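The values are calculated or read from the model by the stated rules, or taken from the named source; none is laboratory data. The structure presented is a predicted model; accordingly, all values stated were derived computationally and were not measured. As a convention, Cβ positions derive from the backbone with ideal geometry for all residues, glycine included, and neighbour counts pool all protein chains shown.
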Amino acid sequence: MAQYQWSEIFLSLEGEAMFTGWPTVYIRFARCNFQCRGFNNPEGLDTTKVEVLGFDPKDYSDLKSLPLITRGCDSIYSWDKKFAHLWHKGDETNLAEETIKLLPFNSWIHPKSNLPVILSLTGGEPTLNWKTIPTLINHPLFADISHLLFETNCAVPLTWDFIDNLNDWLDAKNRKVIWSNSPKLSVSGEVWNKAIKPEIAIMQKHVERHIQYFKFVCDASERDFDEVEKAMKEYHNAGIPKNTKVYVMPVACTSFQQEENATQIANMCMERGYIFCIRLQNILWGNEVGT
């Protein structure tokens, strides 16, 4: 048996980039290699402090009752240890059983439309769990999964063992692995050479049946769009095909923040040749926990 630590499991619609609108079950793992304090935080405040959060996590006993995060990483509750009392622990069976409860008609394929339900591994940073993810996805309750999506910052080194295990999983059925890469630009507050790792994107391509795209969070500034261009040049020079899809979406924790910059960023996407996308969950549910 393997052991896992997760923040939440929920059913929603994929809200960003290529599979926007698809029914998706999310496993949000605990822990991350980044903090992304810079988002929606022009004052450079320490977004891990209670006085900046605007509330003390210790005052809450469940995620659903948390106030909306408005600065920094909007999923801080999945990696900041102040929220650890809200996390869950268990083995692959515990995690699979909790996940399967959320499926429409208890099936990974909708019986009326035949549309696959995506399993999204998110966080935090899901690839920190590379040693135990193969055990999880090979659980019998996950046997009918056809679309496995990694929502990753593309900055955690991948091993050949992990790649081989994913290829073994792909061999069983007509399955796909989706790499939804969201590398962090300087607006996030993270250091460039720790966030932009072309060698990791290249490793992803050794998964035999995969879909790979990049998704950048930008402010409505020439600086951020110049950084998208700079980052993609590094990825292209490393061997990522130039026709790989590149999405740009507004920096935003809340629907109001998204609306402020959306039009300007959309116009800049047209000028620069990138695909504009939004956080659908912000529009539908205000980016609340569990959406």
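Against the conditions (1) under 16 Å from Lys184 (Cα atoms); (2) at pLDDT 95 or above, Ala238 satisfies every one except (1). Of all the listed residues (Tyr77, Tyr60, Tyr26), the sole one being of a type in the set (Ser, Thr, Tyr) and under 26 Å from Val191 (Cα atoms) is Tyr77. With the requirement that a residue be surrounded by 15 or more Cβ atoms within 10 Å (Cβ to Cβ) and in a helix (DSSP H, G or I), what does the range 80-95 give you? Once the filter is applied, which keeps residues that are surrounded by 15 or more Cβ atoms within 10 Å (Cβ to Cβ) and in a helix (DSSP H, G or I), the range 80-95 yields Lys82, Phe83, Leu86, Glu92, Asn94, Leu95. Every residue in the range 195-212 that is touching a helix residue (DSSP H, G or I) at 6+ places or on another chain (Cβ under 6 Å) and under 13 Å from Ala231 (Cα atoms), please. Answer for the range 195-212, where residues must be touching a helix residue (DSSP H, G or I) at 6+ places or on another chain (Cβ under 6 Å) and under 13 Å from Ala231 (Cα atoms): Ile196, Pro198, Ala201. Checking each residue of the range 76-98 against the condition of being more than 24 Å from Ala262 (Cα to Cα), β-branched (Val, Ile, Thr) and at pLDDT 95 or above gives at least one match. Contact map, the range 49-71: first residue without any contact (Cβ under 8 Å) to a residue 40 or more places away in the chain, second residue among the acidic types (Asp, Glu), Cβ cut-off under 8 Å, separation 6 or more or different chains; pairs are Val50/Asp56; Val52/Asp46; Pro57/Asp80.
Please indicate, with yes or no, whether at least one residue in the range 24-39 is assigned to a strand (DSSP E or B) and aromatic (Phe, Trp, Tyr). Yes, the range 24-39 contains a residue that is assigned to a strand (DSSP E or B) and aromatic (Phe, Trp, Tyr). Going by the structure shown, is Leu141 assigned to a strand (DSSP E or B), in contact with an Asp or Glu (Cβ under 9 Å, 6 or more places away or on another chain), closer than 23 Å to Gln5 by Cβ and not polar (S, T, N, Q)? It is false that Leu141 is assigned to a strand (DSSP E or B), in contact with an Asp or Glu (Cβ under 9 Å, 6 or more places away or on another chain), closer than 23 Å to Gln5 by Cβ and not polar (S, T, N, Q).
Could you list, in sequence order, the residues of the range 130-179 that are under 18 Å from the mean Cα position of the chain (by Cα) and over 26 Å from Asn106 (Cβ atoms)? Answer for the range 130-179, where residues must be under 18 Å from the mean Cα position of the chain (by Cα) and over 26 Å from Asn106 (Cβ atoms): Trp130, Thr152, Asn153, Cys154, Ala155, Val156, Pro157, Leu158, Trp179. Considering every residue within the range 52-65, establish whether at least one is closer than 27 Å to His210 by Cα and out of contact with any helix residue (DSSP H, G or I) (no Cβ under 8 Å at 6 or more places or on another chain). Scanning the range 52-65, I find no residue that is closer than 27 Å to His210 by Cα and out of contact with any helix residue (DSSP H, G or I) (no Cβ under 8 Å at 6 or more places or on another chain), so the answer is no. Does the range 145-165 contain any residue that is in a loop (DSSP other than H, G, I, E, B) and within 20 Å of Val25 (Cβ to Cβ)? Checking the range 145-165: at least one residue is in a loop (DSSP other than H, G, I, E, B) and within 20 Å of Val25 (Cβ to Cβ). Checked against the criterion of being crowded, with 19+ Cβ neighbours inside 10 Å and assigned to a helix (DSSP H, G or I), the candidates Leu119, Leu136 yield just one match: Leu136.
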